[in-house]
Amino acid sequence: MDFLSNRSEAAIRRELIGIRDSYHHYWDLLAELLQNSRDAITRKRNAGHVGPFFISISVDAASNSIEVMDNGSGISSSLLAEMLAPGGGDKGIAVDRPNEVGEKGVGLTYVVFSCNDFLIATKTTDDVVVGGKVVNAQRWLSREQGVNKPIYEDQAVAPQPETIDFFEKSYPLDSFTRISASAVMPPDGDVNIFHMTPQQLRLLIRTRTAVGVTASLFCEDVVDEFDVFLSMRTTDGIETNKISSTFAAPHLLVPSEDLIPLQVVRDAFVSRGDPALRRRYLKGKTIWACKSEKVGGWDVFVYAVMFPDNDALRQLSDSVMGVPVSEQEDMEGSALLQTGIFVGTKGMPTGMRISPKPGAGRYPAYYKRCFFFVESPSLKFDLGRKSLHYRHVNKLQAAVAQTFSLLEEIAPFQGDARVEAGPLQTSQAERRMQSQSIWRDAKSLPDLNEPAIRYAKHPNAQEAAVAAIFHELVGASVLKSYMTLRTGYGERYDVHARYVEEGRELELVIEFKYSLQSLVRDLSVKQKHFNDIDLLIAWDADVVQLKNSGFILETSKDEGFEGVTHVLTVPVPGIDPIPVILLRTLLDQRRRAS
């Protein structure tokens, strides 16, 4: 079935590329699937069904695949093929569904054309199970030679049981939808969710997708709307865990004895006028608040957390959530917990971040230790395509500024205390548990799948791992032209190497990075002389972050050195573009060629 209508391929491609390019984040494919699942469950509940409801998520790094299943309302067989086409969704007719989060009706189209093997099976309560597939959609959109325009093909679906069990709890399957997107090829230079650890992925789901229900930030006794299960394939098999369906509120990471509500602090300060008494009471404590502000006719909900210092949230991310944030390098998923102002809509996080109001507060530096989540019923925009009108941004900034003014009054009394480390003395049983946890995390890292070398796993945000993989590729003669002469860990540059190819011999200065965007910091502090660097080697890169800082990363296969995948233009006059090897891209190219 030609679900792309009878328009010309060029016209269809232009529309599809416009849809694809309107999405901005590496998590958008997963976010769209989860948004649809949440809407389907809401629709079924509003029709009088009591559940219980579930959303299951499966991520397989070996096949670059995501599968999402829910027991929501399902999709009518008469609409199934139409739903996959641009503008063919049923969101536009949902005027009687104000509490659904999707609006534009292009989410499934985006998913279809972000992968090369799309499968769907679905059932409504009054219909039979139906299914279909679309293959090579992403390859066709990328104009890969010899790939025909994709079509939708009906596919038989095996009979489904009446229920499905997760952790000894049964969920009805009188209606459901199961979508699988396989052979997903993430854009070059973007973060790859298939390379994330289970801890990073769990945090991503709860802070960047519709599964992270934000009602719990502003209301007490919120009942879970659905259960969520995440499965990931590791070297030990498929590991399935139940994860919370609420937003990962940062203040809940803080030990209760170190946490004080803002209003309690303000009340306590009435009887503690002396600065020394206030400091003794508040030093080292984390302050949090949920407030409702009225700004320009909008009701704006503000959730705020102020930590005792700038590094507290970073430490909590590592010690409590198991998601370390490297001080030297950016990493996949490392920025999921960070201070700033984040925007939500319709009870879900979007991942969108806005800056503080210019000139807000007497001590704007205190913003660096604050986390804000801001949401308003008057703010409506669809997940993925996030472009806020400046007037809307101004209202949100103003609401946050009102709460910040209360926080900055007490900030000086928090002192410089840091999140304290745990006790130095641990029992043998505790050390054994810690060791087991470290081994479990190591085994859960995605396989590198490069048979020529012995480095088995993806680098876990470590620059040293990038260097190790490069040198193993050199030792295995995958990269034959390089010979390391000297390494300089802790010095200005990482490697001095000889490069010999086709009678040409050069001396190279090589710089390693885990993520290429850490060069932004190097430029700001003038840590590196870019005109001294001959070759950059990194695991991957955030193209958007680089571009926002003036760096331009472009794909290139012919920049003079073996293995080069990209070239980087540095925003410094007189600096030539620098060849780049993104190891993730290089290894992906080798797999595709084999």
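Nothing in this text is a laboratory measurement; each read-out follows from the coordinates by a stated rule. From a predicted model like this one, the values you see are computed outputs, not experimental measurements. Neighbour counts run over all protein chains shown; Cβ positions are idealised from the backbone, glycine included.
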C-alpha center-to-center spacing [region 283-310, region 538-554] in angstrom: 33
In terms of the alpha carbon gyration tensor, root eigenvalues a ≥ b ≥ c, rounded if a/c is under 1.5 and otherwise prolate when a/b exceeds b/c or oblate, region 250-414 is oblate
So if each residue of separation counts as 0.36 nm, and I subtract the Cα-Cα distance between ALA456 and ALA398, what length gain in nm does that give? 15.9 nm
For a footprinting-style exposure proxy, rank VAL466, VAL474 by other Cβ within 10 Å, fewest first. VAL474, VAL466
Could you calculate the FRET efficiency of THR569 with GLU239 from 1/(1 + (r/R0)^6), where r is the beta carbon distance between them and R0 is 35 Å, rounded to 0.05? 0.25
At 222 nm, what helix-only mean residue ellipticity would the chain give, in deg cm²/dmol to the nearest 500, using -39500 (n - 2.57) for each DSSP H run of four or more? -8000 deg cm²/dmol
Relative contact order of the chain, pairs being alpha-carbon contacts under 8 Å that are 6 or more residues apart, as %: 12
Select from TRP27, SER37, ALA47 the residue farthest towards the positive end of the dipole of region 1-50; place +1 on Cβ of Lys and Arg, -1 on Cβ of Asp and Glu, and compute about the Cα centre. ALA47
Roughly speaking, what is the stretch gain from GLU505 to ALA468, that is 0.36 nm per residue apart minus the C-alpha to C-alpha distance, in nm to one decimal? 11.0 nm
The chain: C-alpha gyration tensor shape, a/c 1.5 cut-off, then a/b vs b/c: oblate
Cα centroid separation, region 26-80 to region 333-373 (Å): 29
Tell me, in nm to one decimal, what length is gained between ARG498 and SER271 on full extension, where the rule is 0.36 nm per residue of separation less the Cα-Cα distance? 74.7 nm
With at most 10 neighbouring Cβ atoms within 10 Å, loop GluC sites (Glu not before Pro) (DSSP) excluded, longest segment of the chain: 1-161
Peptide ranges 44-55, 301-312 listed from the most packed, as the mean C-beta count within 10 angstrom indicates: 301-312, 44-55
At R0 = 22 Å the Cβ-Cβ FRET efficiency linking TYR281 and SER256, nearest 0.05, sits at 0.85
Distance (nanometres) between label positions extended 7 Å along Cα→Cβ at ARG591 and SER556: 2.6
Cα-derived Rg over Rh, computed across region 208-272 with Rh taken as Kirkwood radius: 1.17
Using a Förster radius of 51 Å, what is the FRET efficiency between LYS368 and LYS149 based on their Cβ-Cβ separation? Nearest 0.05, please. 0.50
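Dipole of region 187-273, Cα-centred, from +1 at each Lys and Arg C-beta and -1 at each Asp and Glu C-beta, to the nearest 20 debye? All intermediate terms of the calculation are to be shown ahead of the outcome.
On the way: 7 positive and 12 negative charges, 37 e Å.
Once rounded to the nearest 20, the dipole reads 180 debye.
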Would you pull out the residues with amide H under 5 Å of GLY351's amide H, same chain only if 5 or more places away, H placed 1.01 Å from N? VAL343
Net dipole in debye of the chain [+1 Lys, Arg Cβ; -1 Asp, Glu Cβ; about Cα centre; nearest 20]: 1340
